Amino acid sequence: MMSERAPETAATPATRRIARRWPLVSGSAALSLAVGLGALIVLRGNGRPLEIDAEWMDEILEHRAPVWEYLSLTMNYLGAGIAGVIVIPVLILVALLLLKRPWAAGYFVAATIVSSGLVQVLKSLFGRARPEDMLVISDFGSFPSGHVANAATMAVCLGILFPRVWVWLAGALYTVLMMVSRTYLGAHWLTDTIGGLLLGASVAVLLWAPVAAKLQGERELAAQHPSPLRIRRRNSA
């Protein structure tokens, strides 16, 4: 049974000071950039594609091929629908609970919900039309990309909860693939995916700041007590 010691007391002094340092500043800056980018798109061209959007879409249309379409459709499935909205988040939630990290589970769920909610708010606020050459059916509202925001939120959350280089690299690769796939399918302009990236990452960082000490302390305490996942892995070794 895990010690009843408060998680934050196991955190390092530097981690306890995180809430007063760079995460709040950097997270706020990223969120402001996402909103500012959406405002720029609407004010400059009433939602029409910027030059970078048009050039990127021309390249995408020129290089469309079945193999890339299959990969993009797979990413489309992983980023939304039952897989993206229910299966993957629930699997991560269950894994965190089995690892005896309830604060981490709560943080992940909160970040996922807030990120999804803000995506819908900005979609309604900016009302940007999607590209015409879409290969999938999507709802109205092109900015920001909900698929990319969800991917970025998940990647940053997992990178924070499991601070390993390979976790960050895998998260970055997954997010970039999601960005490319959304433009390849014609579901979003390039700037929509950039907005989604900024939004998802900012939410994960902003919600991390006030609970950083609890999350880091909980990780230290959980490492001292075997969870069902660790016991099963040790027995199978």
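The values are calculated or read from the model by the stated rules, or taken from the named source; none is laboratory data. A quick note: this is a predicted structure, and the numbers were derived from the prediction, not measured. When we count neighbours, we look across all protein chains shown, and the Cβ atoms used for this are built from the backbone with ideal geometry, even at glycine. SASA here: full protein model, heavy atoms, side chains in, ligands and nucleic acids out. Shrake-Rupley method; radii C 1.70, N 1.55, O 1.52, S 1.80 Å.
Once whole DSSP H runs in the chain are found, which of them have Cα atoms spread over 24 Å or more along the helix axis and a mean Kyte-Doolittle score of at least 0.0?
22-45, 102-126, 165-184, 190-208
For labels at Ala39 and Arg21 in the simple 7 Å Cα→Cβ model, what's the distance in nm?
3.0
Testing the spin-label approximation: label points 7 Å from Cα along Cα→Cβ at Val167 and Leu73. State their distance in nm.
3.4
When the accessible area of the stretch 90-223 is split by element with a 1.4 Å probe, what percent falls to carbon and sulfur?
76
Starting from the Kirkwood radius over alpha-carbon pairs of the stretch 51-124, derive D by Stokes-Einstein at 20 °C in a medium of 1.002 mPa s and give it in µm² s⁻¹.
Approximately 142 µm²/s, per Stokes-Einstein.
Taking the Cα centre of the stretch 119-228 as origin, work out the dipole magnitude from +1 charges on Lys and Arg Cβ and -1 charges on Asp and Glu Cβ, in debye rounded to 20.
140
For the stretch 112-226, max minus min Cα coordinate along each principal axis, in Å, sorted largest first?
Principal-axis extents of the Cα atoms in the stretch 112-226, largest first: 54, 27, 20 Å.
With N residues in the stretch 142-181, what two-decimal value do you get for its Cα radius of gyration over 2.2 N^0.38 Å?
The reported ratio for this selection is 1.15.
Sort largest first and round to whole Å: the equivalent ellipsoid semi-axes of the stretch 22-88, each the square root of five times a Cα gyration tensor eigenvalue.
28, 23, 11
To the nearest 500 deg cm²/dmol, what mean residue ellipticity at 222 nm is calculated for the chain from DSSP H runs of n ≥ 4 alone, each contributing -39,500 (n - 2.57), summed and divided by the residues?
After summing the helix terms and dividing by the residues of the chain, the value is -23000 deg cm²/dmol.
How many nm is it between the label spots at Asp133 and Ile88, if each spot is 7 Å from the Cα in line with the beta carbon?
Going by the 7 Å Cα→Cβ label model, 2.6 nm.
Using only the Cα atoms, what convex hull volume per residue in Å³ does the chain have?
Once divided by residue count, the hull of the chain is 132 Å³.
Probe of 1.4 angstrom, ligands and nucleic acids ignored: what's the accessible area per residue over the chain, in square angstrom?
On a per-residue basis, 52 Å².
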